[in-house]
Every structure is written in structure tokens, then in C-alpha cells.
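Read through the structure below, which is laid out as C-alpha cells, and then see the notes.
The values are calculated or read from the model by the stated rules, or taken from the named source; none is laboratory data. Source: prediction; values computed, not measured. All Cβ positions, glycine included, derive from the backbone under ideal geometry; neighbour counts span all protein chains shown. Calculation scope for accessible area: heavy atoms of the full protein, side chains included, ligands and nucleic acids excluded. Shrake-Rupley method; radii C 1.70, N 1.55, O 1.52, S 1.80 Å.
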Amino acid sequence: MHDRSRAAALAAFLCCAAVAQAQQHVTTGPELDYQPSVIQSTDDDARIVVFERLDPDTLVGDLWLTRSTDGGASWTDPVAIIATAANERHPALVQTGPAQYGLFYLKGTDTTNYRIYRATSSDGVVFVEQGAVDLGWPTAGDVNPHVIRHDDGTLTMSYQRYNATTFNYDCFVAESTDDGVSWDAMQTVIATGAQLPRIAYRESDGLYLASYQIGSSSVHIYTKTTTNVRDWSGARVNFAVVGDNHDSLPVAMPDGAFVAFFIRATGGTFDIAFRRSADGADWSSPVAVTDTLTADDVEPHPLLVGSPDHVELYWGRDEPAGSFTYDIVREPIVPVNEIIFADGFEN
């Protein structure tokens, strides 16, 4: 790269980085707001965020919704959309067509009777619960859905399920061709003894990428790829196996690259970082998105906005750390395809 081009690229990166520091609140107040799922509607261009609002004493949750029709500059007052005496958490929001929205989430009262449920909406505002989805299991125990939509309308769901024999969780994947009404019952395993699987899909070559975590006190993140959604027998890749790492979520960018966001323990609190890969196997060095000792940043969820160079990023922030008053916050521009500098955290 010529010096002039390198300088221009560096200036562009620094400009975007400066913009990325303009973090904005999506929700505010003393409530414990957690785990955002975000889409941009093709009906009215609104950004729609569904999130958990939790009881800080029990961590029992309901699902709430807020919308922005001005590019994220302002947000409607949050409203409860799925709220019963049961525990409703881990929303996965998708738009399945014009005036058609699907919401998937866990629901139950304890580990042994959780199921993944589905709700639908025609306006992205009011959701009607449709009941538990049938993933082929005779008993309850499936939780933590993550759902993506392919260009042909296929939905792919990654989820975890409690294994009463091993007293641990295993990670699975299922697909639907009718907007989530029915799912295959093949019980396809991604990884055993693992949790929080999230999946991405690259349309150009049919490559799936799954990330998941293993551990309890010191948690490690791994990835796998496949072009056959029924076969995840390939070797896992060490994604973040030094220190304490959680909450990974990969996306396939418009240029075909994979970018995976995650959180890592840094000096007593958690911060957000990402890594980039062309093939889902070889990953760039981690790049920090947040870096503060005064806040816990968790559950990053990117929104693709058509650019190969940046995403909007939404996550839960507890500030001051330990106050248990998480808000949903966003950064309008997080550069993911500029000059990348290693930050000393490897794998």
C-alpha cells in the first residue's frame, strides 16, 4: 500500500473509531435490561429491539420491545410483549417476510421444563404467542435459541439442551422451511458439553459457522464450520481459550467475511471484542470495542446495515459494574474491516 493510501485508510479508521465511541442508550433506568435481539424492518425501516427485563433477585424475565424510526437517535418507551409468571428469556427476533415477524425464546419455570417458544407479529409491535416449537424431543429441556434467515427463506436455529445423563448441556441445530411453524426433528449435534451456540451462514458458498462456549468459571469459546448442516464432525477451532470469555455471536458480512463478537474478562469487568475471518478457521487478532473498568459489557448483538466495513452494535451494560442495573446500549458505527491492530490478547 502506498504511503498516501495507508494514511487515508488510517484516517478513515480513526474517524470511524471516534464515531464508534458515541455510545447511546436504548433503554435507561434502574431495571435490569439484558440480551438484546435487533433487526431492521423492511416494512418501515424501523430498528426493533427485543430484550429481557429481569427480576434482579431471581433472574426471572419477561420480554420487552422498543423501536426507533429515526436511525436509532430516539427510541419508544419499552413495552412488555411476552410477560407471564413463567421465565421468558433469550429472544431471537427475525423478519420472515413483509409484515411477518417471528420471535423465538425460552420459557418455563426451571431447567427441567424449559421449552423454546414462538410468537408472531404482523407489525413488529404486538406479538402473539403460538406455543412451544417441536424440535423432536419427547421431554423438555431446550433453551437459548439463536435464529437466522437464509435468502431462500429457510430459518436455521441453534440451541442448547440439558443432558440429564451428563448434567451438562449439548448444542444442536434445526431448520425450518415454513417461517418457524415446524422444524426438522433430526436433533443434529453441533457440540457436546457446550453452551450458548450461535450460528451464521454465508450464502456465496453455503458455509455455516457456529460458535459456542465450554466451561463454568473460566469459559472458553470455540468455532466450527461445515457446508453440511447435518455434519459438524470437523475439528473445532480455538477462538478464545485464554482467560474468561463468553457470549460469542458470529455474523456473515456482505463481503463474505465472518465477524464474531464476544466478551472477555479484563481487569475485573467484561469488555466486548471481535475477530474477523475469511474462512471461519483462521481468525484475526482480537480487536477491542469497549475498554472500561467501570462497566460490565455483555451479550453483544450486531446489526448488519449493508456495509462490509462496519456494523451497529447493541449490548447490555451494567454501570457502575456490580450495580445490577443493566441498560441496553448501542454504538452506531463499529468498524470491522479497517486497519486492524492486534491488542495483545491472543486466542
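Where residues in the range 309-339 are among the small types (Gly, Ala, Ser) and under 13 Å from VAL298 (Cα atoms), which of them is least open to solvent (accessible area, probe 1.4 Å)?
By that ranking, first place goes to GLY316.
Against the condition within 30 Å of THR42 (Cα to Cα), open to solvent by 30 Å² or more (accessible area, probe 1.4 Å) and either assigned to a loop (DSSP other than H, G, I, E, B) or at pLDDT below 95 (or both), how does ASP279 come out, does it pass?
Judged against the criteria, ASP279 is a match.
Answer with yes or no whether GLN95 is at pLDDT 95 or above, polar (S, T, N, Q) and under 30 Å from SER204 (Cβ atoms). Show your work before the answer.
Working: at pLDDT 95 or above: yes; polar (S, T, N, Q): yes; under 30 Å from SER204 (Cβ atoms): yes.
Yes, satisfied.
Could you list all residues from the range 202-237 that are closer than 16 Å to ILE190 by Cβ and polar (S, T, N, Q)?
Taking the range 202-237 as the starting set, the residues that turn out to be closer than 16 Å to ILE190 by Cβ are 207-214, 220-237.
SER211, GLN213, THR223, THR225, THR226, THR227, ASN228, SER233 - these are the residues of the range 202-237 that are closer than 16 Å to ILE190 by Cβ and polar (S, T, N, Q).
Pairs under 8 Å by beta carbon, first residue free of Cβ contacts under 8 Å to residues at least 60 places away in the same chain and part of a loop (DSSP other than H, G, I, E, B) in the range 235-254, partner of a type in the set (Val, Ile, Thr) and buried (at least 17 other Cβ atoms within 10 Å of the Cβ), six or more apart or different chains?
ARG236/THR223; ASP244/VAL219
Could you please give the count of residues in the range 224-261 that are charged (D, E, K, R) and either touching a helix residue (DSSP H, G or I) at 6+ places or on another chain (Cβ under 6 Å) or surrounded by 22 or more Cβ atoms within 10 Å (Cβ to Cβ) (or both)?
Result for the range 224-261: 2.
List the strands (runs of 3 or more DSSP E) that sit entirely inside the range 18-104 and contain at least 2 residues that are open to solvent by less than 10 Å² (accessible area, probe 1.4 Å) and without any contact (Cβ under 8 Å) to a residue 60 or more places away in the chain.
47-54, 61-68, 87-97
For ASP179, all conditions in the list (1) out of contact with any Ser or Thr (no Cβ under 6 Å at 6 or more places or on another chain); (2) at positive phi; (3) of a type in the set (D, E, K, R) hold save one; what is the number of the exception?
(1)
Could you list, in sequence order, the residues of the range 171-184 that are crowded, with 21+ Cβ neighbours inside 10 Å and outside any loop (DSSP other than H, G, I, E, B)?
Residues satisfying the conditions are CYS171, PHE172, VAL173, ALA174, SER176.
Just one of HIS146, HIS150 is out of contact with any Gly (no Cβ under 9 Å at 6 or more places or on another chain), surrounded by 15 or more Cβ atoms within 10 Å (Cβ to Cβ) and not hydrophobic (A, V, I, L, M, F, W, C); which is it?
HIS146
Looking at this structure, is TYR162 open to solvent by 10 Å² or more (accessible area, probe 1.4 Å), at pLDDT below 95 and either under 21 Å from ALA257 (Cα atoms) or in contact with a helix residue (DSSP H, G or I) (Cβ under 6 Å, 6 or more places away or on another chain) (or both)?
yes
Starting from the range 178-203, take each residue that is over 25 Å from MET253 (Cα atoms) and at pLDDT 95 or above and list its partners that are of a type in the set (S, T, N, Q) and assigned to a strand (DSSP E or B), counting only C-beta distances under 7 angstrom and pairs at least six apart or across chains.
Taking only residues 6 or more apart or on different chains, the pairs are SER182/SER176; TRP183/SER176; GLY193/ASN168; ALA194/GLN213.
Quick one: count up the residues across the range 188-217 that are open to solvent by less than 60 Å² (accessible area, probe 1.4 Å) and either under 30 Å from GLN100 (Cβ atoms) or part of a loop (DSSP other than H, G, I, E, B) (or both).
Qualifying residue count for the region: 19.
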